[in-house]
């Protein structure tokens, strides 16, 4: 009994220390911003930025997710995804060291989002094709293509379709690096024979085809409506990330709209801490990713938590003429490859029963995303020497 009392006492002390540290950091952070901007301007900027992001960015992205959701469901319903899977299957083993059916995981997350991988991995009729380390590394592989169609469509909306395609190539390279590193790290921990690996039935397995019943017209109608509904749900799910994370990132990225007038409490004003920090090593980011402006580092940083929130930064960058084709290509590669993996990897591995491997998955995917950005930058430079993109 005495031991329990001591434990509870230590627990309460720890929570008090946490509360104290939190209050110091909270008031220190907002106190610093309020000191530069003024408390009233800071609060108005936060509210105006959140409102503008919600009305002009979230609903725009939601419109894209509804359309792409309907398109993705149509491609699944009428066998296009199955056809692509068969075409891509021969590339899986040499590129990613995964069985051919793994291509379905990449396609599903490309047309939807990262969590799509969970349902597939938990499906015994699907997971039986994988060795244990391959099944776990599927988390890294699938995440590298999360919201891919949405990212490509969004970037293309600004007139950068070709750079976005270069970014897609970089995301594939990042996925390959992340997946293979993950397999190397967890190989000694997991034994291949623990999972029933059988690649012989790939061609005959109908479980990866989601054809529903009914007439062609009814299947078409149900597909676009159900796909659109899933797009709405995805659009709603990104609201917290876009509004909260992007508001904080933007208030740390941009200065006052009018330097002469000072802070006015307008949307997207702030104290440019991130560019100042990045500016001290801007040569490094320019060497790696070709970024001409230190503000651009905000995109990959935000992609770590939520790619939807990162997409909302692009509009502000375009408005301030900070964007070029190279930046869009790198954004596409890193945004698609990372796609908020810090906030999804833990939940995904926990669902699969391998939470202990989270640190290895995060390390692998961090390296993969960086490689995706570097490869995309130099690939863009190389391609630009021969054709105009």
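The values are calculated or read from the model by the stated rules, or taken from the named source; none is laboratory data. Here the structure is a predicted model, which means the values were calculated and not measured. All Cβ positions, even for glycine, are placed from backbone atoms using ideal geometry, and neighbour counts span all protein chains on display.
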Enumeration of residues in the range 306-321 that are surrounded by fewer than 21 Cβ atoms within 10 Å (Cβ to Cβ) and assigned to a loop (DSSP other than H, G, I, E, B)
320, 321
Within the range 98-125, work out how many residues are within 19 Å of residue 350 (Cβ to Cβ), part of a helix (DSSP H, G or I) and touching a helix residue (DSSP H, G or I) at 6+ places or on another chain (Cβ under 6 Å).
7
Checking residue 338 against (1) surrounded by 19 or more Cβ atoms within 10 Å (Cβ to Cβ); (2) farther than 18 Å from residue 285 by Cα, which test does it fail?
(2)
Subset of the range 252-294 [within 21 Å of residue 329 (Cα to Cα) and without any contact (Cβ under 8 Å) to a residue 60 or more places away in the chain]:
275, 278, 282, 283, 284, 285, 286, 287, 291, 292, 293, 294
Given the condition part of a helix (DSSP H, G or I), at negative phi, in contact with a helix residue (DSSP H, G or I) (Cβ under 7 Å, 6 or more places away or on another chain) and surrounded by 17 or more Cβ atoms within 10 Å (Cβ to Cβ), answer yes or no: does some residue in the range 256-274 qualify?
yes
Selected residue (only one of 173, 150 is modelled with pLDDT of 95 or more and either touching a helix residue (DSSP H, G or I) at 6+ places or on another chain (Cβ under 9 Å) or part of a helix (DSSP H, G or I) (or both)):
173
Given the conditions (1) in a helix (DSSP H, G or I); (2) touching a helix residue (DSSP H, G or I) at 6+ places or on another chain (Cβ under 7 Å), report the number of the one that residue 283 does not fulfil.
(2)
Criterion (in a helix (DSSP H, G or I), in contact with a helix residue (DSSP H, G or I) (Cβ under 7 Å, 6 or more places away or on another chain) and surrounded by 20 or more Cβ atoms within 10 Å (Cβ to Cβ)) met by exactly one of 331, 291:
331
From the list 62, 55, exactly one residue is without any contact (Cβ under 8 Å) to a residue 60 or more places away in the chain and part of a helix (DSSP H, G or I). Which is it?
55
For the structure I just gave you, tell me whether residue 214 is exposed (fewer than 15 other Cβ atoms within 10 Å of the Cβ), part of a loop (DSSP other than H, G, I, E, B) and modelled with pLDDT of 85 or more.
no
